[in-house]
Amino acid sequence: MTLSVINISEGTSVDGPGLRTSIYFAGCTHHCEGCHNPQSWDIDAGKPTEIDEILKVVAYNDFNVTFSGGDPFFQAEGVAELARRIKEELGKNIWCYTGYLWENIKDNKRFLPLLEQIDVLVDGPFILAKRDISLRFRGSDNQRFIDVQESLKTGKTVTLEF
């Protein structure tokens, strides 16, 4: 399976705790004003990349993983397959950034296979008026850290602090 990838950043510390391999996927419909990565909105801006190729990079670096973009949910089916393999084959923790709100995607049958593989979801659109450069791992203070597995298990939105 092929995914449209803008970039893979190896050993970054800005997209979650510790050193991480961050995968930036192409495709996004949110088009947030002030987006730090507007070139990623177009699905055709990314390079077609096989899941096996991405897995090799993740395995080589041996870091936990962050999905960003664009919005990884734009390619939800393929990213879910990648996430499943990262969890099963490499045992890595996965963070995912999305412009969607948890409440709007938690029951979406198309998105559920991806959500089931994610440990932490950073949800909500980037809002330029709420931008705060002192925040860790997020761009605006409306964005939350969701403990996805606990939220799915309890049926309640469980947030984390970082």
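The values are calculated or read from the model by the stated rules, or taken from the named source; none is laboratory data. Predicted model, so just to flag it, every value in this text is computed and none were measured. Every residue, glycine among them, receives a Cβ derived from its backbone with ideal geometry; neighbour counts consider all protein chains shown. These accessible areas exclude ligands, DNA and RNA; they are computed on the full protein's heavy atoms, side chains included. Shrake-Rupley method; radii C 1.70, N 1.55, O 1.52, S 1.80 Å.
Quick test of your reading of the structure: Pro125 fulfils all but one of (1) touching a His at 6+ places or on another chain (Cβ under 6 Å); (2) in a helix (DSSP H, G or I). Name the failing condition by number. So the condition that Pro125 fails would be (2). Listed by first and then second residue, the pairs with beta-carbon distance under 6 Å, at least 6 apart or on different chains, first residue in the range 59-86 and free of Cβ contacts under 8 Å to residues at least 40 places away in the same chain, second surrounded by fewer than 17 Cβ atoms within 10 Å (Cβ to Cβ) and assigned to a loop (DSSP other than H, G, I, E, B), are Ala76/Arg110. Given the structure, is Ile51 more than 17 Å from Pro125 (Cβ to Cβ), open to solvent by 50 Å² or more (accessible area, probe 1.4 Å) and either in contact (Cβ under 8 Å) with a residue 40 or more places away in the chain or touching a Ser or Thr at 6+ places or on another chain (Cβ under 6 Å) (or both)? Here the answer is no, as Ile51 does not meet what is asked.
The set of residues in the range 9-20 that are surrounded by fewer than 21 Cβ atoms within 10 Å (Cβ to Cβ), at negative phi and part of a strand (DSSP E or B) comprises Ser9, Glu10, Thr12. The sole residue among Ile86, Ile6 that is under 27 Å from Ala129 (Cβ atoms), of a type in the set (A, V, I, L, M) and open to solvent by less than 60 Å² (accessible area, probe 1.4 Å) is Ile6.
Of the residues that sit in the range 91-107 and are part of a loop (DSSP other than H, G, I, E, B) and not small (Gly, Ala, Ser), which one is farthest from Ala80 (Cα to Cα)? Please lay out each step first, then the result.
Taking the range 91-107 as the starting set, the residues that turn out to be part of a loop (DSSP other than H, G, I, E, B) are 91-93, 98-101, 106-107.
Add one more test, that the residue is not small (Gly, Ala, Ser), and what stays is 92-93, 98, 100-101, 106-107.
Numbers: Lys92: 14, Asn93: 14, Thr98: 14, Tyr100: 16, Leu101: 18, Lys106: 14, Asp107: 15 Å.
Checked the range 91-107; the qualifying residue farthest from Ala80 (Cα to Cα) is Leu101.
Taking into account only those residues within the range 26-40 that are out of contact with any helix residue (DSSP H, G or I) (no Cβ under 9 Å at 6 or more places or on another chain) and part of a helix (DSSP H, G or I), which is surrounded by the most Cβ atoms within 10 Å (Cβ to Cβ)? Explain how you work it out, then say what you get.
Quick first cut of the range 26-40, residues out of contact with any helix residue (DSSP H, G or I) (no Cβ under 9 Å at 6 or more places or on another chain) only: 36-38, 40.
Still in the list and also part of a helix (DSSP H, G or I): 38, 40.
On the way: Pro38: 14, Ser40: 24.
Result: Ser40.
Restricting attention to the range 94-134 and to residues that are touching a Pro at 6+ places or on another chain (Cβ under 9 Å) and open to solvent by 40 Å² or more (accessible area, probe 1.4 Å), the residue that is nearest to Gly69 (Cα to Cα) turns out to be Tyr100.
Remark: pairs (first residue in the range 118-138, under 23 Å from Phe73 (Cα atoms); second residue in a loop (DSSP other than H, G, I, E, B) and aliphatic (A, V, I, L, M); Cβ separation under 7 Å; 6+ apart in sequence or on different chains) = Asp123/Leu101; Gly124/Leu101.
Residue-by-condition table, conditions (1) modelled with pLDDT of 95 or more; (2) among the basic types (Lys, Arg):
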{"site": "Lys87", "(1), (2)": "yes, yes"}
{"site": "Lys92", "(1), (2)": "yes, yes"}
{"site": "Trp102", "(1), (2)": "yes, no"}
{"site": "Ile105", "(1), (2)": "yes, no"}
{"site": "Leu115", "(1), (2)": "yes, no"}
{"site": "Leu121", "(1), (2)": "yes, no"}
{"site": "Gly139", "(1), (2)": "no, no"}
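Tell me yes or no: at least one residue of the range 133-148 is over 14 Å from the mean Cα position of the chain (by Cα) and among the aliphatic types (A, V, I, L, M). Yes, some residue in the range 133-148 is over 14 Å from the mean Cα position of the chain (by Cα) and among the aliphatic types (A, V, I, L, M).
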